[in-house]
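What follows is a single structure, written as structure tokens, with notes after it.
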Amino acid sequence: MLWYIGKRLLQLIPVFFGATFLIYFMVFALPGDPVAALYGDKQPSPQVIAEIRAQFNLDKPFIVQYLIYIGHLFQGNLGTTFSGIPVIDQLKQAFPITFRLSMLALLFEAVAGILVGLISGLRKGKIFDNSALVVSLLLISVPTFVVGFLLQFFLGIKWGLFAVTVSPEAPWGDLVLPAIVLATVSFAYIVRLTRASVSENMSADFVRTATAKGLPRRRVISVHILRNSLVPVVTYLGVDIGSLMVGAIVTEGIFNIQGVGGTVYKAIQLQQGPTVVSFVAVMVIIFMLANLLVDLLYALLDPRIRYAK
Amino acid sequence: MPSSTTPGQLSPDHYVADLEETPLKAVDAVDESEKPRSSARDAWDSMRTRPLFWISGVLIVLVIVIALFPGLFTHVSPQTNSLSNSNAGARSGHPLGFTFQGYDVFSRVIYGTRASLLVGILATVLVTVVGVVIGSLAGYYGGWLDAVVSRIGDIFFSIPTVLGAIVVMSTITDRNPLTVALILALFAWPQIARIMRGSVISATATDYVMASTALGVSRFRILLRHVVPNAIAPVIVVATVSLGTFIVAESTLSFLGIGLPGTTVSWGGDIDNARTTLRTAPLPLFWPAAALSITVLSFLMMGDVVRDALDPKARARR
Amino acid sequence: MTTTTDTQTQAANGVVKGAPLLEIKGLNIGFKTQSGYVEAVRGVDLTLGQGETLAIVGESGSGKSTTATSIIDLLPGTGKVTAGEIFFEGRDLVKLPKPEISDIRGRLIGYVPQDPMSNLNPVWSIGFQVEEAIRANRVASGKDVRKRAIQVLEEAGLPDAGTRLKQFPHQFSGGMRQRVLIGIGLSARPKLLIADEPTSALDVTVQRRILDHLGTLTRDYGTSVLFITHDLGLAAERAEKLVVMYKGRVVESGPSQEILANPQHPYTQRLVAAAPSLASRRIQSQIAPSAVHGDAVAEAGSDDARRLQAAHEREQIAKHEAPDFIKVENLTKVYKIRQGGFKSTELKAVDDVSFEIPRGTTMALVGESGSGKSTVAKLVLQLESITSGTVTVGGSSVGALTGKDLFNFRRRVQPVFQDPYGSLDPVYSVGNTIAEPLITHGVGDSASRQARVRELLEQVSLPISMINRYPNELSGGQRQRIAVARALALKPDVIVLDEAVSALDVLVQGQILNLLTDLQSELGLTYLFITHDLAVVRLVADKVAVMQKGRIVESASTDEVFSNPSKEYTRDLLEAIPGANFAFGK
């Protein structure tokens, strides 16, 4: 197990530098004036331009720019936003909200997704299964922002069941509807994945042997079928954190939540490129760390990984 | 049931079935009555019996025709507006009413098809070509090539596609369907490459590849003639589904205002424009969203059908 | 049925040895498929007494496993018992509600499955999986469960069971896993044990030890055993009673000895004639074909005679030819195995192997899994590079060949591999598969290649209409014929047969072996025959080399090895051939 953790950590290092370099390269080293591009058609004053050039060291060679950026990153200096607040400070405020929102969404999608997928897989071809399949396909086809607007319109505006927007402190109750919106697409994917995995495991030899041992059906399902089906689902959750982040930008934008996603959303709308870049870079780093966690969870679930050298 | 022969020598519990009831067939005989069935034919036969295939197929063809010849479906220009029509309801010649800015919703939905589909197809073709080539070479030749390519893939993979696209799109000025597709493909290719690599590795480890090697077939020819054709199936499935997800990604970017520019008619952009009047007039948001979802749905359904057709195991399980 | 004494023992109360424990009557089992309803088992009757062992013998698709799994309601997929009764201790299991069946499973009827690699759950420890069976069947509770688990595993012959409880299936060898499965199956001391090909996936010596052990255990506990196998020799050796199934029906049943000595149904006669373990015995003892009854046997017997004749001819050939058409000297192959991090260890897969094969003869390389025999095949075929030593074929040293020379060498030495489902590219039609070598080597034009493909199909006794078929439509034996045709296309001198018949049903196996021998005398081919199955060797080989752990431990003429093995390992292998201990004849 230690071997495995060590190996994963080592693998993370080149990926970390590679990914940050890639983002930095795409933004600052491609042809054209990056500062002009970063602000779209709302060009700032020459003074701001000069500040930006200094902040990103645009007068120095590209590789130096990158190294300075990395150095700052390790010191916790993520640059400043358009209004002059250090990114790190704004992050400290915004991150907990987004974290709570994502956790809620993960909880929804995992619990509901696995449950529906399990029932579906166990009753393959029955009405429940067929409807679950159709609903999951529909949910995947409708983009998050559309789901957001629809639920906001019906549950919030028309029927008044939930708050239409989230207050700045983002109490848990306010976050329920956005979390459901954020969870929909992933929920559908988890249903499909769990269903496929369950139905494959149902015909696995070891499940037949478990039944032949005299285990009651409940135990065969929970201990053998479900447990084994969780392995691919957990792998998926790793990838899914990435789509949750994109979803957070859209969802927090729609519900006006002042989290990381909402900040990025506003920065995009106001064409504040540097803020977008700083925050997205942080999101990518969080994504990597979250994936490391998921990998460890994966190893806990599957002994073949745990004991592999 | 009577015993057939020589009961005298047999002990009482020695049972022999009647030969007429259990006729002997030739060992391993060839049934010449059946028609030859290639795996492609099998896949086709499996697909064409499914209603889902025809539903999604018809929808996809329809979407493509709309994208190619939008003029066939509406004579109203999507670019002319009159503020006097702002949020007006449906009327003759304008079945879906008008947007806040007074554009014809139906015409916008029809003309918006092209941009979405173009981005989806371009991005899919790009990731498939790049992913298949890179994945095949890495999986087949292995060694340092594989190591380098896999590490580079890991880096791109560590940046969620739309997140990466948001960063890049918010910093470039020239935004059109080609750049959107390019940038989506830039962050999405490792998925296909990984699948292809794994698939190629298992196809390379087969006895038929060894047999061809022993025949003296050159290594590259084996890759082209034996390995890739046998390894491509999972990629086809993922590519079909990708087409749908790229369309969603494009619309998300356009919705955020950093996808296609406002001058291009697109579903994502129209949804974004309609959101301001969501409370009073939700329909201008609903129609492009419906068109978008139905298009994506048809590709997802097609992906499902193709997967079941190409995977005999899934076929048997169904 | 004739065997019923009509003492149907509906009120089975006393434990009388030999009293019926399991009685199956008129069993029909059907599967729903896309093309309709398929009857997999029809009208099966069988009776198993207390403490008895009964074997169901049949080829793949005969319905033997289906019959066995239906007893404890474990039919796969859409399978359903459509008619008939299964009486166990007087209760009809077919009519029993699910919870009661579940109660019987494990506690009264144990089950040992076929493939040890896939029958243990990979994510749970061995201890967990044994303990859960013990708890479910209320054999023990609390702390005793653990003790009992250790006891069960030790009884099943797993050493250090106590420390192994924490380990996971992937850390166990196939043989060890099978012992765990046997332990689980017997953990509740069931009255009946269903053993579905429990050792088919294992090496013969391991198979023998495990079956011996299983035999002792069930005898000690007085457990009845329903044994499912494709191997007639094995069945006869391990069971008192035999049920022979063919295409879903019972064709013959009765005492093992009698059926083997006096098979009545033509299908059984065929099986007896083709069983390599028994047949080889017969050749060795020179029993005339007339000693067995039936046309099918006589036919097979004349085949044997023909093969013997061919073997004599080959002996003559060998005398005239130089003895070293293929010459392998001090062949060694070392693999570097990456271990965690940057370390790597060396594995000597082939260690100082030498042998010679005269032109036009067959040499068998025999060994268990991991003995290095397949690596030798790949080295001779130049599919792997030689670490040290030399392989010469017809005077040219194989290891030194490159480019054009290697390409030309490939014309002369061709392989046929084991897995008939993996050796043909599924996207190539049969015609294209056979034509591939011709195209690769630029032989003839398209028309003459077509003609050659037809000729080859004829040579391997397949109809010309096969040409447009695809591998997925063919049986294992037919695929293997195609693989042989492809190997023959370039008119090679040498064919390396790597477990070429191991995956086939016994009758098909016999057919392919006949084909190979006929082709050899017709075309003067030299065979390197790689196999784990000593029984088959007897039928085809002129010389035998036995490999163990990368080295050749014994090498001599086939007759010598069989009649007078000099090494203990060879004797173990010979002893382990199923049916070898069976006293054939009257």
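Points worth noting:
- Of the residues making up segment C:132-147, those that are surrounded by fewer than 21 Cβ atoms within 10 Å (Cβ to Cβ), at negative phi and not hydrophobic (A, V, I, L, M, F, W, C) are C:R135, C:S141, C:K143, C:D144, C:R146, C:K147.
- Scanning segment B:276-287 for residues that are open to solvent by 20 Å² or more (accessible area, probe 1.4 Å) and in contact with a helix residue (DSSP H, G or I) (Cβ under 6 Å, 6 or more places away or on another chain) yields a count of 3.
- A Cβ distance below 8 Å, combined with a sequence gap of six or more or placement on separate chains, defines the contacts here; from segment B:61-85, residues that are more than 13 Å from B:F106 (Cβ to Cβ) reach residues that are open to solvent by 90 Å² or more (accessible area, probe 1.4 Å) in the pairs B:V65/B:L72; B:A67/B:R114; B:L68/B:R114.
Residues checked against (1) more than 24 Å from A:L138 (Cβ to Cβ); (2) open to solvent by 20 Å² or more (accessible area, probe 1.4 Å); (3) touching a Leu at 6+ places or on another chain (Cβ under 6 Å); (4) free of Cβ contacts under 8 Å to residues at least 60 places away in the same chain:
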| position | (1), (2), (3), (4) |
| --- | --- |
| B:H226 | yes, no, no, yes |
| B:L243 | no, yes, no, no |
| B:G257 | yes, yes, no, yes |
| B:V265 | yes, no, no, no |
| B:A289 | no, no, no, yes |
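- Filter pass, C:V536 being touching a helix residue (DSSP H, G or I) at 6+ places or on another chain (Cβ under 7 Å), within 14 Å of chain B (Cβ to nearest Cβ) and within 20 Å of C:T361 (Cα to Cα): no
- Of the helices (runs of 4 or more DSSP H) entirely within segment B:241-318, those holding at least 3 residues that are more than 10 Å from chain A (Cβ to nearest Cβ) and in contact with a Ser or Thr (Cβ under 6 Å, 6 or more places away or on another chain) occupy B:283-310.
- Of all residues in segment B:196-222, those that are touching a residue at least 60 places away in the same chain (Cβ under 8 Å) and crowded, with 20+ Cβ neighbours inside 10 Å total 5.
- Residue in segment C:479-491 that is in contact with an Asp or Glu (Cβ under 7 Å, 6 or more places away or on another chain), polar (S, T, N, Q) and buried (at least 19 other Cβ atoms within 10 Å of the Cβ) present: no
- Taken residue by residue, segment B:169-178 has no member that is touching a strand residue (DSSP E or B) at 6+ places or on another chain (Cβ under 8 Å) and either over 29 Å from B:S116 (Cα atoms) or in a helix (DSSP H, G or I) (or both).
- Of the residues making up segment A:248-272, those that are closer than 29 Å to A:G117 by Cβ and either open to solvent by 20 Å² or more (accessible area, probe 1.4 Å) or at the interface with chain B (Cβ under 9 Å from one of its Cβ atoms) (or both) are A:I249, A:V250, A:I254.
- Scanning segment C:547-558 for residues that are free of Cβ contacts under 8 Å to residues at least 40 places away in the same chain and either assigned to a helix (DSSP H, G or I) or charged (D, E, K, R) (or both) turns up just one, C:E554.
- Selection from segment C:89-107 of residues that are crowded, with 16+ Cβ neighbours inside 10 Å, more than 8 Å from chain A (Cβ to nearest Cβ) and in a loop (DSSP other than H, G, I, E, B): C:E89, C:L93, C:V94, C:L96
- Residue identified as more than 20 Å from C:V328 (Cα to Cα), surrounded by 23 or more Cβ atoms within 10 Å (Cβ to Cβ), in contact (Cβ under 8 Å) with a residue 12 or more places away in the chain and not small (G, A, S) among C:V544, C:V496, C:V508: C:V508
- Condition broken by C:G110, with the remaining ones in (1) assigned to a helix (DSSP H, G or I); (2) open to solvent by less than 20 Å² (accessible area, probe 1.4 Å); (3) not aromatic (F, W, Y) satisfied: (1)
- Condition met for A:V135 (more than 21 Å from the chain's Cα centre (by Cα), crowded, with 18+ Cβ neighbours inside 10 Å, closer than 30 Å to A:S203 by Cβ and of a type in the set (A, V, I, L, M, F, W, C)): no
- Being at the interface with another protein chain (Cβ under 8 Å from one of its Cβ atoms), assigned to a helix (DSSP H, G or I) and surrounded by 20 or more Cβ atoms within 10 Å (Cβ to Cβ) is a description that does not apply to A:Y189.
- Members of segment B:210-220 that are assigned to a helix (DSSP H, G or I) and more than 8 Å from chain C (Cβ to nearest Cβ): B:R219, B:F220
- For segment A:140-175, a residue qualifies if it is within 13 Å of chain B (Cβ to nearest Cβ) and open to solvent by 40 Å² or more (accessible area, probe 1.4 Å), and the qualifying residues are A:L150, A:L151, A:F154, A:I157, A:K158, A:G160, A:T165.
- Every condition in (1) aliphatic (A, V, I, L, M); (2) open to solvent by less than 20 Å² (accessible area, probe 1.4 Å); (3) at pLDDT below 70 holds for A:A29 except the one numbered (2).
- Subset of segment C:108-127 (residues that are modelled with pLDDT of 90 or more, more than 7 Å from every other protein chain (Cβ to nearest Cβ) and within 24 Å of C:L202 (Cβ to Cβ)): C:I109, C:G110, C:V112, C:W124, C:S125, C:I126, C:G127
- Segment C:441-470: number of residues that are polar (S, T, N, Q) and touching a Ser or Thr at 6+ places or on another chain (Cβ under 8 Å): 1
- Subset of segment C:52-90 (residues that are over 31 Å from the mean Cα position of the chain (by Cα) and at pLDDT below 90): C:G90
- Filtered residue count, segment B:90-102, keeping only those that are over 17 Å from B:N273 (Cα atoms) and open to solvent by 40 Å² or more (accessible area, probe 1.4 Å): 5
- Answer from C:Q414, C:Q382 - the residue that is within 33 Å of the chain's Cα centre (by Cα), among the polar types (S, T, N, Q), assigned to a loop (DSSP other than H, G, I, E, B) and within 14 Å of another protein chain (Cβ to nearest Cβ): C:Q382
- C:S502 being open to solvent by less than 40 Å² (accessible area, probe 1.4 Å), of a type in the set (G, A, S) and not in a helix (DSSP H, G or I): yes
- Filter result for C:L379 (of a type outside the set (S, T, N, Q), over 30 Å from B:A233 (Cα atoms) and buried (at least 21 other Cβ atoms within 10 Å of the Cβ)): yes
For (1) surrounded by fewer than 15 Cβ atoms within 10 Å (Cβ to Cβ); (2) away from chain B (no Cβ under 14 Å); (3) in contact with a Leu (Cβ under 8 Å, 6 or more places away or on another chain); (4) farther than 30 Å from A:T184 by Cα, each residue gets a yes or a no:
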site	(1), (2), (3), (4)
A:F74	yes, yes, no, yes
A:G84	yes, yes, no, yes
A:Q90	no, yes, no, no
A:R100	no, yes, yes, no
A:L107	yes, yes, no, no
A:G117	no, yes, yes, no
A:I127	yes, yes, no, no
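The values are calculated or read from the model by the stated rules, or taken from the named source; none is laboratory data. All values reported here derive from a predicted model rather than from experimental measurement. All Cβ positions, glycine included, derive from the backbone under ideal geometry; neighbour counts span all protein chains shown. We work out accessible area using only protein heavy atoms, side chains counted, and drop any ligands, DNA or RNA first. Shrake-Rupley method; radii C 1.70, N 1.55, O 1.52, S 1.80 Å.
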